[in-house]
Amino acid sequence: MTDNLFQTYALNGTLSLKNRILMAPLTRCMADDELVPTQAMADYYARRAESGLIISEATIIRPDGQGYPNTPGLFTPAQIDGWRVVTDAVHKADGKIFAQLWHTGRVAHPHFYQSTGSSDVMAPSAAGVEGSVPRMRELTYQVPKAVSIEEIAQLVQDYAQAAANAIDAGFDGVEIHGANGYLIDQFLHHDSNRRTDEYGQTPENMSRFALEVVDAIAARIGNDRTALRVSPGAYFNMAGDNRDRAVFDYLIPELEKRDLAFLHIGIFDDAMEFDYLDGRASSYVRSIYNKTLVGVGSFTAESGSSAIAEDKFDLLAIGRPFIANPDYVELVRDGKALVEYSDEMLTSLV
């Protein structure tokens, strides 16, 4: 039984969702060479507007945030105009859509922003990761530069400006990407944050940047239109550290005080367990966060519905099945079979 997935849900008492199924953010690398969303992207999102809420693919806030080819931006007038075509199409189809705001931090690559004259990779500390850029394996990761206090302040401003640009582009709100080993997440884990100033060492200091970004965006567009994705469990471009638990023990209750639209777990598979979290990341977050929580990670409609019924989270985000099934919501509602996802589907927008 999946009836609870089709209940309406009010985000923060304001934005009403027609069901509890969210389309998870899915990086597709389909923007044009100026990182402007295309008509094909507008059609792609509009076909999925039956979801309660679409969270857009990760969208970079400024040039040096780019770590993958052809990922869309939200920092030029052309990009804002391109996204407005997307949001108009989604709203015309009676859908709602949040923009996911992104800076990749130490997994950015100067190849993508060499025209700006900068060759710096920005991160909390000069601690790199091994490997190469997905879809462009000839590009290997560089050792990043530890950002200065002044550069951190500018990043906070740039996140807030990107949020304002998102509202200008017609988005219903934003989800800050604070998960999956990218910039904000890098401040939250000891593997990547080795600072000794007011942004490092203690849980309060390591949470400072994330909270500054959240507060700046909420002040700019409203807390009811501001959401955040977090990864308490380090699992992607990040090594775990037992000390990370204390950071999230501090951060998550602070986020609850801010009455955000929602908090979203960032993980590929919710079945993953972390010793320092005493199990699953979603169970850990739910134990200390009582407001709207979004679960994600290899759930089916049936297992997600059961998790909601058991109060493990409030909303279910679905990822790859939405790539394979634009009409995912209708198929689940009608009890029909889903098309199975395959990696070959990543090369086109359907």
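The values are calculated or read from the model by the stated rules, or taken from the named source; none is laboratory data. Note that the structure is predicted; figures quoted are calculated from it, not measured. Methodologically, a virtual Cβ is constructed for each residue, glycine included, from the backbone with ideal geometry; neighbour enumeration extends over all protein chains shown. What goes into the accessible areas is simple: the full protein's heavy atoms, side chains included, and nothing from ligands, DNA or RNA. Shrake-Rupley method; radii C 1.70, N 1.55, O 1.52, S 1.80 Å.
Place the peptides 260-270, 225-235 in order of packing, highest mean first, counting for every residue the other Cβ atoms within 10 Å and averaging per peptide.
225-235, 260-270
Looking at the square roots a ≥ b ≥ c of the eigenvalues of the Cα gyration tensor of region 99-213, which shape do they give, rounded for a/c under 1.5, prolate if a/b is larger than b/c, or oblate? Spell out each step's value before the answer.
Values: a/c = 1.65, a/b = 1.06, b/c = 1.56.
The shape class here is oblate.
Quick one: work out the % antiparallel among DSSP beta bridges in region 116-253, nearest 5. All intermediate terms of the calculation are to be shown ahead of the outcome.
Numbers: 2 of 9 bridges.
The antiparallel proportion sits near 20 percent.
Sorted by packing (mean other beta-carbon atoms within 10 Å per residue), highest first, where do 188-194, 312-318 land? Don't skip to the answer; put the middle values down first.
On the way: 188-194: 21.3, 312-318: 22.9.
For the peptides 188-194, 312-318, the packing ranking is 312-318, 188-194.
Apply the a/c threshold of 1.5 to the C-alpha gyration tensor of region 276-331 and tell me whether it is rounded, prolate or oblate. List each step's numbers first, then the result.
Numbers: a/c = 2.59, a/b = 2.00, b/c = 1.29.
Prolate is the answer for region 276-331, as a/c is 1.5 or above and a/b outweighs b/c.
Whats the longest run of the chain with zero GluC sites (Glu not before Pro) that are DSSP loop and have at most 11 other Cβ atoms within 10 Å? All intermediate terms of the calculation are to be shown ahead of the outcome.
Numbers: sites that count: Glu130, Glu310, Glu340.
Answer from the scan: 131-309.
Take the chain, connect every pair of alpha-carbon atoms lying under 10 Å apart with a spring to form a Gaussian network, then pick out the residue of Leu22, Leu331, Leu53 with the largest mean-square fluctuation.
For the chain, modelled as a Gaussian network with Cα springs under 10 Å, the answer is Leu331.
Grab the DSSP H runs of the chain that are 4 residues or longer, score each as -39,500 (n - 2.57), total them, divide by all residues and round the 222 nm result to the nearest 500 deg cm²/dmol. Write down the numbers at each step before the final one.
Numbers: 10 runs with 110 residues, N = 350.
Helices in the chain give a 222 nm mean residue ellipticity of -9500 deg cm²/dmol.
Distance between the C-alpha centers of region 113-168 and region 1-69? Whole Å please.
The distance from the Cα centre of region 113-168 to that of region 1-69 comes to 23 Å.
Give Lys257/Lys336; Lys291/Lys336; Lys145/Lys312; Lys145/Lys291; Lys18/Lys257; Lys92/Lys336 a once-over and call out the pairs whose C-alpha atoms are over 30 Å from each other. The partial results should precede the final answer.
Working: Lys257/Lys336 41 Å; Lys291/Lys336 32 Å; Lys145/Lys312 39 Å; Lys145/Lys291 36 Å; Lys18/Lys257 26 Å; Lys92/Lys336 26 Å.
Over 30 Å Cα-Cα: Lys257/Lys336; Lys291/Lys336; Lys145/Lys312; Lys145/Lys291.
Starting from the coordinates of the alpha-carbon atoms of region 1-68, obtain the Kirkwood hydrodynamic radius over all distinct pairs and give the value in Å to one decimal.
Values: mean 1/r = 0.0716 Å⁻¹.
Mean inverse Cα-Cα distance, inverted, gives 14.0 Å.
Taking the dipole about the Cα centre of region 173-321, with the C-beta of Lys and Arg at +1 and of Asp and Glu at -1, give me whichever of Thr292, Ile308, Met272 is farthest to the positive side.
Result: Thr292.
Using alpha-carbon pairs under 8 Å, 6+ residues apart, how would you state the relative contact order of region 55-97 in percent?
Numbers: 27 pairs, mean separation 13.4, N = 43.
Relative contact order of region 55-97: 31 percent.
Express as a percent, rounded to the nearest 5, the fraction of DSSP beta bridges in the chain (both residues included) that run antiparallel.
Values: 7 of 36 bridges.
Roughly 20 percent of the DSSP beta bridges within the chain come out antiparallel.
Percent of Cα-Cα pairs more than 17 Å apart in region 217-332, please.
Cα-Cα pairs in region 217-332 separated by more than 17 Å: 58 percent.
Once you have all Cα-Cα distances for the chain, histogram them in 20 Å bins from zero and send the whole-percent values.
Computed distribution, short to long bins: 32, 62, 6.
What value in Å³ per residue do you get for the convex hull of the alpha-carbon atoms in region 30-106? Please list the in-between numbers first.
Details: hull volume 5.8 nm³, N = 77.
Enclosed volume per residue, from the Cα hull, is 75 Å³.
Can you quote the Å³ per residue value for the convex hull of the Cα atoms in region 82-156, rounded to an integer? All intermediate terms of the calculation are to be shown ahead of the outcome.
Numbers: hull volume 10.5 nm³, N = 75.
Taking only Cα atoms, region 82-156 has a hull volume of 140 Å³ per residue.
First check a/c for region 248-310, with a ≥ b ≥ c the square roots of the eigenvalues of its C-alpha gyration tensor; if it is under 1.5, answer rounded, and if not, answer prolate when a/b is larger than b/c or oblate otherwise. Please list the in-between numbers first.
Working: a/c = 2.12, a/b = 1.30, b/c = 1.63.
Verdict is oblate for region 248-310.
Suppose a student asked you for the relative contact order of the chain, using Cα pairs under 8 Å spaced at least 6 residues apart; what percent would you report? Don't skip to the end; give the middle numbers.
Numbers: 777 pairs, mean separation 57.7, N = 350.
Computed value for the chain: 16 percent relative contact order.
Starting from the residue with the highest accessible area, list Arg106, Arg333, Arg286 in decreasing order, probe 1.4 Å.
Working: Arg106 5, Arg333 115, Arg286 35 Å².
Final ranking, largest accessible area leading: Arg333, Arg286, Arg106.
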